[in-house]
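The next block holds one structure in the form of structure tokens; read it before the comments.
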Amino acid sequence: MFEGVTHVICTTGTTAFPSKRWDGDNTPERVDWDGVRNFVSAMPQTVKRLVLVSSIGVTKYNEIPWSIMNLFGVLKYKKMAEDFVRNSGIPFTIIRPGRLTDGPYTSYDLNTLVKATAGERRAVEIGQGDKLVGEASRLVVAEACIQALDIESTQGKIYEISSVKGEGPGSDQEKWKQLF
């Protein structure tokens, strides 16, 4: 499966609360913990970089308001997966986005109901230490993952990301280097 693969972006996830998406045992434990653990375990040590998309709040899953989001363990299992990646020996970067906007609208929450978009929020705010809150455009998260693959200074680091009002870095690697 990994023959010739040098870089990997892992964006697995499921809904935080029980829904039809959980059919077939597609729960946070099975997807965010077992799935990531099995996927990383199958990777050869020749992979040059793994970027894992996790979530803000993973280090605070027992604190309000994160404990509400974690009622069924999604943040706990994402944190366990992060720890597994950090200890895997594979060079990594972890991206922790805020609440995702810009479809696909696959969960049953307010974001889906109002079809939330980033709108004018294309600028990027990056933090560390699980202190950042807010929303993150899926488009911005995807670009952050791509950029992290090639920016050496991101190796071994964990970043929170949110979208804020303004023009973003787009695909300009120099702007991303400054952000990271």
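The values are calculated or read from the model by the stated rules, or taken from the named source; none is laboratory data. Treat the numbers as computed from the prediction; the structure is a model and nothing was measured. Ideal geometry is used to build each Cβ from the backbone, glycine not excepted, and the neighbour counts take in all protein chains shown. Heavy atoms of the whole protein, side chains included, go into the accessibility calculation; ligands, DNA and RNA do not. Shrake-Rupley method; radii C 1.70, N 1.55, O 1.52, S 1.80 Å.
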Restricting attention to the range 56-69, report how many residues are out of contact with any Lys or Arg (no Cβ under 6 Å at 6 or more places or on another chain) and surrounded by 23 or more Cβ atoms within 10 Å (Cβ to Cβ).
-> 1
Would you check which residues across the range 89-100 are in a loop (DSSP other than H, G, I, E, B) and either within 20 Å of residue 150 (Cβ to Cβ) or open to solvent by less than 30 Å² (accessible area, probe 1.4 Å) (or both) and list them?
-> 90, 91, 98
Within the range 59-79, the residues that are closer than 15 Å to residue 14 by Cα and either touching a helix residue (DSSP H, G or I) at 6+ places or on another chain (Cβ under 7 Å) or part of a strand (DSSP E or B) (or both) are 69, 70, 72, 73, 74, 75, 77, 78, 79
Scanning the range 1-16 residue by residue, those in contact (Cβ under 8 Å) with a residue 40 or more places away in the chain, open to solvent by 80 Å² or more (accessible area, probe 1.4 Å) and not hydrophobic (A, V, I, L, M, F, W, C) turn out to be 11
Every residue from the range 143-152 that is assigned to a helix (DSSP H, G or I) and without any contact (Cβ under 8 Å) to a residue 40 or more places away in the chain = 143, 147, 150, 152
Go through the range 22-38 and give me each residue that's crowded, with 16+ Cβ neighbours inside 10 Å and under 18 Å from residue 92 (Cα atoms).
-> 32, 33, 35, 36, 37
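Yes/no per residue for (1) in contact with a Lys or Arg (Cβ under 7 Å, 6 or more places away or on another chain); (2) of a type in the set (A, V, I, L, M, F, W, C); (3) open to solvent by 30 Å² or more (accessible area, probe 1.4 Å):
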{"position": "130", "(1), (2), (3)": "yes, no, no"}
{"position": "144", "(1), (2), (3)": "no, yes, no"}
{"position": "152", "(1), (2), (3)": "no, no, yes"}
{"position": "163", "(1), (2), (3)": "yes, no, no"}
{"position": "169", "(1), (2), (3)": "yes, no, no"}
{"position": "176", "(1), (2), (3)": "no, yes, no"}
{"position": "179", "(1), (2), (3)": "no, yes, yes"}
If you check 41, 19, which single one turns out to be modelled with pLDDT of 95 or more, out of contact with any helix residue (DSSP H, G or I) (no Cβ under 8 Å at 6 or more places or on another chain) and either among the hydroxyl-bearing types (Ser, Thr, Tyr) or open to solvent by 80 Å² or more (accessible area, probe 1.4 Å) (or both)?
-> 41
